[in-house]
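The values are calculated or read from the model by the stated rules, or taken from the named source; none is laboratory data. This one's a predicted model, so the numbers in the text were calculated from it and none came from an experiment. Every residue, glycine as well, gets a Cβ built from its backbone with ideal geometry; the counts of neighbours run over all protein chains shown. Surface accessibility is based on the protein's heavy atoms, side chains included, excluding ligands, DNA and RNA. Shrake-Rupley method; radii C 1.70, N 1.55, O 1.52, S 1.80 Å.
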Amino acid sequence: MMKRTHFPVLSIIALYALLSSCDTEPDSFVTTGDESFFVPAGTDVIQFQVDSVIFDPSIRGTDKIESSSTWTLTSLSEDESETYLVSVMGSDSGSVATQRYLWDFQTTNETGSQHSALLDGFNYINLVTPFTERTTWNALLNADPNLSINVAGEPLAINKDWTMARVESIEPYTLPDGSTVEAVFVVLTEAENAIELREFKEVYGKGLGLLERSQRFLDTQQAGSTEPWEDKAENGFTVVMKRIF
């Protein structure tokens, strides 16, 4: 397999992200499920390190197109309307890319308190409050379950066979400075069969918002293979986002 670096491919997969943190002792955590977990917050510039791999079918097999960049969130209004401009800078070249995304964090109240993030036209319900470790919901309520996107020229059924979203755990998250914050670990989907993997996970911190996001949306024709997905995948992408402090 060949590996090559290609930054602009991020425009294909710019659909996701959010992480968490908070200075509270683990044994004193009180799960209130308040809204401070969801929207990015803080006095410093909000940035995410974003690393992605696109699996590109080719006559040689499968090329892995790798990208690394920094996303910077800038609030668009003084009234904290929860809408941000996302600028993307390639970590390797150091040049600011032409991509700019509007990232709108919003709350709907159709059933309880559902928090969604609209980024580049993709809208998923990322969290429902109040929450516990048993909370479940339909992340695709505002999305097209039959949505297909092109990744490296190949169709990928991005929302196919999604499982029920759930709160996996509520536990301390260690920040880069060594302090901890109360965090909720979310699984938006975790569906796998012999030829398809759909995995989407996030971490949100109390008072900080999104801290991490990881996605693996991969297809293969090697139905009998027991190799790791990153080795046998022939189409799709992976993305890992982590908040920089």
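Applying the condition of being part of a strand (DSSP E or B) and among the hydroxyl-bearing types (S, T, Y) to segment 199-242 and asking which residue is most open to solvent (accessible area, probe 1.4 Å) yields S214.
Output the qualifying pairs, or none if there are none: Cβ atoms under 9 angstrom, residues six or more apart or on different chains, first residue in segment 160-177 and more than 20 Å from E212 (Cβ to Cβ), second residue among the aliphatic types (A, V, I, L, M) and surrounded by 18 or more Cβ atoms within 10 Å (Cβ to Cβ). Going by the 9 Å Cβ cut-off, the qualifying pairs are M164/A139. When segment 206-219 is filtered for residues that are of a type outside the set (D, E, K, R) and at pLDDT below 95, the ones remaining, listed by number, are G207, L208, G209, L210. Considering each of T163, T180, T135 in turn, give the residue that is touching an Asp or Glu at 6+ places or on another chain (Cβ under 6 Å) and of a type in the set (S, T, N, Q). Checking each option against the conditions leaves just T163. For L85, are the conditions met, namely being surrounded by fewer than 19 Cβ atoms within 10 Å (Cβ to Cβ) and either more than 18 Å from E202 (Cα to Cα) or modelled with pLDDT under 50 (or both)? It is true that L85 is surrounded by fewer than 19 Cβ atoms within 10 Å (Cβ to Cβ) and either more than 18 Å from E202 (Cα to Cα) or modelled with pLDDT under 50 (or both). In the set F48, F37, only one residue is closer than 30 Å to P155 by Cβ, in contact (Cβ under 8 Å) with a residue 24 or more places away in the chain and open to solvent by less than 10 Å² (accessible area, probe 1.4 Å); that residue is F48.
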